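Asks: Got a structure for you, written out below as structure tokens; questions coming shortly.
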Amino acid sequence: GGNNAGHTVVVDGKEYDFHLLPSGIINPKAISFIGNGVVIHLPGLFEEAEKNEKKGLKDWEKRLIISDRAHIVFDFHQAVDGLQEVQRQAQEGKNIGTTKKGIGPTYSSKAARTGLRICDLLSDFEEFSSRFKNLAQQYKSMFPTLEIDTEGQLKKLKGYAEKIRPMVRDGVYFMYEALHGSPKKILVEGANAALLDIDFGTYPFVTSSNCTVGGVCTGLGVPPQHVGDVYGVVKVYTTRVGIGAFPTEQINEIGDLLQSRGHEWGVTTGRKRRCGWLDLVSLKYVHMINGFTALALTKLDILDVLDEIKIGVAYKLGGKRIPYFPANQEILQKVEVEYETMPGWKTDTTSARKWEDLPPKAQNYIRCVENHLGVPVKWVGVGKSRESMIQLF
């Protein structure tokens, strides 16, 4: 992905939000690496760094490494993203709900072999400029209203090239050394949820990259044998930003309550997230793809006030249970959800730090999720700070 996804991280009462920067950038002892699978909007990267510097982020450029094989998002990619959405709305009466950050058009350039990468920017600038102009020209012929200040953008890009040059490395070699040198802990952070994966998500309401576990291999150049534990991060209820089928959605006071208590706004676009009950059918489906070792269940505290809580355990089509997650959006719109209802715990859980601190009804809810999925829950989140976390094993 790129700066279309956002991660909010709260440390020592300070709230940072990251889009292109890995969340580990806060840790002065960690090296952060942006892999080849990421598409990078350079102005966005520096804007984001500046915002977080104001919150106390220091020396990030000394801890950041960027893969030379990552593709570049240009300003005109972002403009085209907006134009395409307007076009979809006009032609089909509905758009995809993209973030207009240029992600789709950049991956399209990548697939069309007309994209430009970080290594091209840092190599022969004249060659880069002529390829940039060709690409700009292609887009202008497709979108006659598109205005591109080619010379102005190239001048800015030349400036960015010098700023990032010290950070850029051959990503494959960097990862190889990290995996084979002195033993290190390597944590891979993905952007976007599994159901936004280009291959496995709720197509066409998806992003343009692989946000399932295979992205570790393709997006970083890490061989599959090195993938160790795979942790699924899932809220105790389900949310979706933008349009697309959402079987357990609650368009009622429950949905509104989850939305307001959970502060469910998209970090990148500020759009309201749609909310509903936990959907174990979709969770099982993403487990089939990713093979989770364990789960991190987040936002348990948001459910603290509910009298009863439902969990979607099966989908029915024409009254019959189906064992799979439908690929087709129209069919997914038609499924009927079978729910299991559990009593709420009606207790504040935000101060819980151990399993024993949780009310028995909350423990039952967590065990119910584990039993249905056959995956252990390793962490339970009860608030947004890093300390608000219960580790079970």
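The values are calculated or read from the model by the stated rules, or taken from the named source; none is laboratory data. Since we're looking at a predicted model, the values are computed, not measured. Because the Cβ atoms are built from the backbone with ideal geometry, glycine has one as well, and the counts that use them run over all protein chains shown. Calculation scope for accessible area: heavy atoms of the full protein, side chains included, ligands and nucleic acids excluded. Shrake-Rupley method; radii C 1.70, N 1.55, O 1.52, S 1.80 Å.
Asks: Using only the Cα atoms of region 39-81, what do you get for the radius of gyration and for Dmax, in Å?
Replies: That works out to 12.4, 35 Å for Rg and Dmax.
Asks: Here is a follow-up. From largest accessible area down, sort THR99, THR106, THR341; use a 1.4 Å probe on the protein chains. If you can, show how the numbers build up before the last one.
Replies: On the way: THR99 35, THR106 0, THR341 75 Å².
Accessible-area ranking of THR99, THR106, THR341, largest first: THR341, THR99, THR106.
Asks: Return the aspartates and glutamates within reach of LYS29: Cα separation strictly under 15 angstrom, same-chain partners fewer than 8 residues apart disregarded; answer none if there are no such residues.
Replies: Result set, ordered by chain and number: ASP59, GLU61.
Asks: Hey, another quick one. Could you work out which residue, out of ASP307, ASP256, ASP12, moves most in a Gaussian network model of the chain, that is, has the largest mean-square fluctuation with Cα springs under 10 Å?
Replies: The residue with the greatest mean-square fluctuation here is ASP12.
Asks: If you don't mind, another one. What ³J(HN,Hα) values, in whole Hz, does the Karplus curve 6.51 cos²θ - 1.76 cosθ + 1.60 give for region 341-356 when θ = phi - 60°, with x put for Gly and Pro?
Replies: 10, 10, x, x, 9, 6, 9, 6, 9, 5, 9, 5, 10, 10, 3, 5
Asks: Still on this model: Under the rule of -39500 (n - 2.57) per DSSP H run of 4 or more residues, summed and divided by the residues of the chain, what mean residue ellipticity at 222 nm is obtained, to the nearest 500 deg cm²/dmol?
Replies: Working: 13 runs with 138 residues, N = 393.
Theoretical 222 nm ellipticity from helices: -10500 deg cm²/dmol.
Asks: As an exercise, use a Förster radius of 22 Å and the Cβ-Cβ distance of LYS272 and VAL305 to find the FRET efficiency, rounded to the nearest 0.05.
Replies: On the way: r = 20 Å, r/R0 = 0.90.
After rounding, the FRET efficiency stands at 0.65.
Asks: So, one more: How large a share of the accessible area of the chain, in percent, is made up of carbon and sulfur atoms when the probe is 1.4 Å and the other protein chains stay in place? Before the final figure, lay out the partial values.
Replies: On the way: 10260 of 19710 Å².
Heavy-atom surface of the chain belonging to carbon and sulfur, 1.4 Å probe: 52 percent.
Asks: Go ahead and run the numbers for FRET between ALA327 and LEU146, Cβ-Cβ distance against an R0 of 35 Å, rounding to 0.05.
Replies: Numbers: r = 34 Å, r/R0 = 0.97.
My answer for the efficiency is 0.55.
Asks: With a probe of 1.4 Å, find how much accessible area region 247-296 has per residue, and write the answer as a whole number in Å². Mind dumping the intermediate values first?
Replies: Numbers: 2180 Å² over 50 residues.
With all protein chains present, region 247-296 gives 44 Å² per residue.
Asks: Pull up the DSSP beta bridges for the chain and report the antiparallel fraction as a percent, rounded to 5. Walk me through the intermediate numbers first.
Replies: Working: 25 of 43 bridges.
About 60 percent, rounded to the nearest 5.
Asks: Return an integer: the convex hull volume of the alpha-carbon atoms of region 229-391, in Å³ per residue. Spell out each step's value before the answer.
Replies: Working: hull volume 20.1 nm³, N = 163.
Enclosed volume per residue, from the Cα hull, is 124 Å³.
Asks: At 1.4 Å probe size, with no ligands or nucleic acids counted, give the accessible surface of MET175 in Å², nearest ten.
Replies: Probe radius 1.4 Å; accessible area of MET175 about 10 Å².
Asks: Name the lysines eligible as straight-distance cross-link partners of LYS155: C-alpha to C-alpha under 17 Å, and not fewer than 8 places from it in the same chain.
Replies: LYS155 reaches LYS133, LYS163.
Asks: Let me ask something else about it. At 7 Å along the Cα-to-beta-carbon direction for both ASP199 and GLU47, put a label point, then send me their distance in nm to one decimal.
Replies: So the two model labels end up 3.2 nm from each other.
Asks: Based on DSSP H assignment, which helices of the chain show an axial Cα extent of at least 18 Å together with a mean Kyte-Doolittle hydropathy greater than or equal to 1.6?
Replies: Details: long enough: 42-54 (19 Å, -1.16); 75-92 (26 Å, -1.17); 125-142 (26 Å, -0.98); 150-164 (21 Å, -1.00); 360-373 (20 Å, -0.84).
Correct list, ordered by number: empty.
Asks: For a quick size check, give me the Cα extents of the chain along its three principal axes, largest first, whole Å.
Replies: 66, 54, 40
Asks: Continuing with the same structure: What accessible area per residue comes out for region 16-99, rounded to a whole number of Å², with a 1.4 Å probe?
Replies: Values: 3610 Å² over 84 residues.
On a per-residue basis, region 16-99 sits at 43 Å².
Asks: Return the equivalent ellipsoid semi-axes of region 1-189 as a descending list in whole Å, where each equals the square root of 5 times an eigenvalue of the C-alpha gyration tensor. Before the final figure, lay out the partial values.
Replies: Numbers: eigenvalues 179, 85, 48 Å².
After diagonalising the Cα gyration tensor, the semi-axes are 30, 21, 15 Å.
Asks: Among GLY214, GLY319, GLY244, which one shows the biggest mean-square fluctuation in a GNM of the chain, springs joining Cα atoms closer than 10 Å?
Replies: GLY319
Asks: Could you pull the accessible area for SER351 with a 1.4 Å probe, rounded to 10 Å²?
Replies: 90
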